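The structure is given below, and queries will be raised subsequently.
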There are 2 protein chains.
Amino acid sequence: MPSARPPRPATLTDVAAEAGVAPSTVSRAFSRPQRVNRHTREHVLAIAARLGYEPNPAAQALESGRTRTIGLLVPDITNPYFAGVIKGAERAAAAAGLTLMLGDTQENPTQEEAMVQRLRRAVDGFVLSAPRLSDDELLAAADKGPVALVNRAVPGLACVVADFDSGTRQIVDHLASYGHPSFVFVGGPAESWSGRRRWRGLRTAARRLGLEATRFGPFQPKLAGGPAAADAVVASGATAVVCHNDMLAIGLMRRLAQRGLRVPDDVSVVGFDDIFGADFCNPPLTTLAERTEDAGARAVEALVRQLPRRTTDQPARVLPTELVIRASTGPVPDRAG
Amino acid sequence: MPSARPPRPATLTDVAAEAGVAPSTVSRAFSRPQRVNRHTREHVLAIAARLGYEPNPAAQALESGRTRTIGLLVPDITNPYFAGVIKGAERAAAAAGLTLMLGDTQENPTQEEAMVQRLRRAVDGFVLSAPRLSDDELLAAADKGPVALVNRAVPGLACVVADFDSGTRQIVDHLASYGHPSFVFVGGPAESWSGRRRWRGLRTAARRLGLEATRFGPFQPKLAGGPAAADAVVASGATAVVCHNDMLAIGLMRRLAQRGLRVPDDVSVVGFDDIFGADFCNPPLTTLAERTEDAGARAVEALVRQLPRRTTDQPARVLPTELVIRASTGPVPDRAG
DNA sequence: CAAATTTTGGCAAGCGTTTGCCATGTGACC
DNA sequence: GGTCACATGGCAAACGCTTGCCAAAATTTG
């Protein structure tokens, strides 16, 4: 063994020299196994293993243009809803040999745009979860590279969305069955597509069943948005509230409790997402469950599918939703007067 | 304007040609502003802006060896504790112009090792949150590149840890003040350094105050670990329980409720972390709060500090903890017999 | 057995930057 | 007016890998 082992990490060239073949052969032994004789390949692989060779991703990316990395942007990492999406995406990405670059856009369209810009050259594509960007901006982004959307449908783009039509109908059915003549929808950010979708579904279902639906908001889709929403609800005298998401619903319930209102005796509360915590808050929250990990995983898969070449048409993948009835909803209160 | 705008993204060379300078000048205009005449620089920058030039990160990484990216590995993304760490790390990384690569190790040392291996060449350094690897393995990893640890202290490595000594003392004081003669510690994974640290602190504090402390476990540090832990606790007849973390504590409380035990009337429960949900579960959980976002941010800062050159010595940064007393703890029950 | 075909491996040209080194221009200093 | 130092810009060699193209070898075909 004449050649000294270099102190720096072994390169493909080192392996080639040690194995007595050309660098191209080593490269192909890894990336196009069938392009090289089995015997040669095994020899090369053995040498590579002995030298502890690991390809330099930067060099690979430079030449091939592929980074084996995808960007995942979420509005708020600390919202357990997105934690689920991240987990699912991470799993699917790992399965595809891809690495995840994570960005927290802080519910901010400007920030989102900036992150897409900044990461664009560093990733092979984006999964955008609940993006706050406009359709046009999203389309523009998709023009420069593969994109998959979670809970946002834009014609022509790969989308994974929850089945809000059926879900909102379930919610309204549930409320109607308890005798509520009306409800208020506590809305989230105006830019939220899923928020608009939820409201649309609720309103349609309400009309069909003869309930009256009112929309309040916008409110921050976090615990912190709850108090303001709760106060508006109290002032309105509503008997039932559907909140933009569980964070808001939980924040609202806490404020309601502070103000002496009982859930569900005085007010029924429904959320969206079925996040971690929805089943052990007090009372346990009735909410529309979404398969968040699936959503993340499906989005990555959709992205992977367009990685080699962009496919022509991408049908929106819609995920089932399911109303989880817990203790935060109940019959309409019997208020004399 | 003689040169046609290329359809592909503009490269540094394009900018150089258009500006009538050498590529090296363009490069320096960006990376070493003071190395080039102000007039020239402004001209170059203007051309670059007009051409929409953005440096190719792969090419930069290849030549410079720096990727402007750091890896963040956590045991479980869906644990809100780590969501906080991630958020803080993301913020600090963005502030330093760095991007985060995220990995979920699934509480699995093997997985953790594999991810470090896989990402090593793609990042400038790692933040390892609650790593399950052994000290030696961690040291070995640090030998190949910068590393910062969260809630794990290894001599010679940059560490950010919560102040468990003071924290555990607060817990035991609290329990003692309620008259509990003893308590059990419901332990998490054996590989968890912070778990060992917590137990050590509790035991020491217990001895000092004349309480008896027993350790159960290991249990999974998730909601799912709660039932088994609860049953063990019930069987033991303990009046107070300190859990490895809040997830476990909440899972345990739910099981306790199912079995007809009231918290805190029959059993007091204390957790660690003060995660999202700890304040609105039923009853609200007494727990040791940790500044998770700070922890993430500090770790990234410590990492950034060793990015240009490794510093000689890294004192562990210790973060304050604070006991949040809520409703899950109370006086020792008055059990006749 | 020669010709045609398929495998297999090597050559060399990049991919888009950074950076060490050198050449020039400019002003300062004596 | 000459010497020096410094500011500025260019040259060219990497960085480690991929890939189009070609040649040699092996295999099939007529």
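The values are calculated or read from the model by the stated rules, or taken from the named source; none is laboratory data. Quick caveat: nothing in here was measured; it's all calculated off a predicted structure. Reconstructed Cβ throughout: ideal geometry from the backbone, glycine too, with neighbour counts over all protein chains shown.
Among A:Pro75, A:Pro80, A:Pro57, which is the only one that is within 16 Å of DNA strand D (Cβ to nearest atom) and either crowded, with 21+ Cβ neighbours inside 10 Å or among the charged types (D, E, K, R) (or both)?
Details: A:Pro75 fails: within 16 Å of DNA strand D (Cβ to nearest atom); A:Pro80 fails: within 16 Å of DNA strand D (Cβ to nearest atom).
Exactly one residue qualifies, and that residue is A:Pro57.
Which condition breaks for B:Leu138 when tested against (1) more than 9 Å from chain A (Cβ to nearest Cβ); (2) touching a residue at least 60 places away in the same chain (Cβ under 8 Å); (3) surrounded by 17 or more Cβ atoms within 10 Å (Cβ to Cβ)?
Status for B:Leu138: all satisfied but (2).
Of all strands (runs of 3 or more DSSP E) completely enclosed by the stretch A:50-159, which ones contain at least 3 residues that are of a type in the set (A, V, I, L, M)? Don't jump to the end; show me each part of the working.
Working: elements: A:69-74, A:99-104, A:125-129, A:147-150.
Fully inside the stretch A:50-159 and qualifying: A:69-74, A:99-104, A:147-150.
Matching residues to (1) closer than 24 Å to B:Gln117 by Cα; (2) in contact (Cβ under 8 Å) with a residue 24 or more places away in the chain; (3) within 14 Å of chain A (Cβ to nearest Cβ); (4) within 13 Å of DNA strand C (Cβ to nearest atom):
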{"position": "B:Glu18", "(1), (2), (3), (4)": "no, yes, no, yes"}
{"position": "B:Ser27", "(1), (2), (3), (4)": "no, no, no, yes"}
{"position": "B:Glu63", "(1), (2), (3), (4)": "yes, no, yes, yes"}
{"position": "B:Thr69", "(1), (2), (3), (4)": "yes, yes, yes, no"}
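Output yes when any residue across the stretch A:115-126 is under 26 Å from A:Thr287 (Cα atoms) and within 13 Å of chain B (Cβ to nearest Cβ), and no when none is.
As a first pass, look at the stretch A:115-126 and keep what is under 26 Å from A:Thr287 (Cα atoms): none.
No, the conditions are met nowhere in the stretch A:115-126.
For residues that are in contact (Cβ under 8 Å) with a residue 12 or more places away in the chain and either more than 7 Å from DNA strand C (Cβ to nearest atom) or not in a helix (DSSP H, G or I) (or both), tally how many sit in the stretch A:29-40.
2
In addition: If you go through the stretch A:40-54 one residue at a time, how many are within 11 Å of DNA strand D (Cβ to nearest atom) and either among the hydrophobic types (A, V, I, L, M, F, W, C) or more than 25 Å from A:Leu307 (Cβ to Cβ) (or both)?
3
Follow-up. Of a type in the set (Ser, Thr, Tyr) and buried (at least 18 other Cβ atoms within 10 Å of the Cβ) - does that describe any residue in the stretch A:28-41? First the steps, then the outcome.
Of the stretch A:28-41, the ones of a type in the set (Ser, Thr, Tyr) are A:31, A:40.
Filter once more, keeping what is buried (at least 18 other Cβ atoms within 10 Å of the Cβ): none.
No, the conditions are met nowhere in the stretch A:28-41.
Tell me which of these A:Arg121 doesn't satisfy, since it passes every other one: (1) surrounded by 23 or more Cβ atoms within 10 Å (Cβ to Cβ); (2) under 24 Å from A:Gln306 (Cβ atoms); (3) not polar (S, T, N, Q).
(1)
Still on this structure: Name every residue in the stretch A:41-55 that is near DNA strand C (Cβ under 9 Å from one of its atoms) and basic (Lys, Arg), in order of residue number.
A:Arg41
Condition first: facing chain A (nearest Cβ under 9 Å) and over 25 Å from B:Lys222 (Cα atoms). Can you find one or more residues in the stretch B:74-89 that meet it? It would help to see each step written out before you state the result.
Looking only at the stretch B:74-89, we keep the residues that are facing chain A (nearest Cβ under 9 Å), and these are B:76-80, B:82-84, B:86-87.
Those left that are additionally over 25 Å from B:Lys222 (Cα atoms): none.
Within the stretch B:74-89 (the criterion being facing chain A (nearest Cβ under 9 Å) and over 25 Å from B:Lys222 (Cα atoms)), the answer is no, since none of the residues qualifies.
Also, I was wondering about something else. Could you say whether any residue in the stretch A:241-263 is crowded, with 19+ Cβ neighbours inside 10 Å, at pLDDT below 95, more than 14 Å from every other protein chain (Cβ to nearest Cβ) and closer than 25 Å to A:Arg203 by Cα?
Taking every residue of the stretch A:241-263 in turn, none turns out to be crowded, with 19+ Cβ neighbours inside 10 Å, at pLDDT below 95, more than 14 Å from every other protein chain (Cβ to nearest Cβ) and closer than 25 Å to A:Arg203 by Cα.
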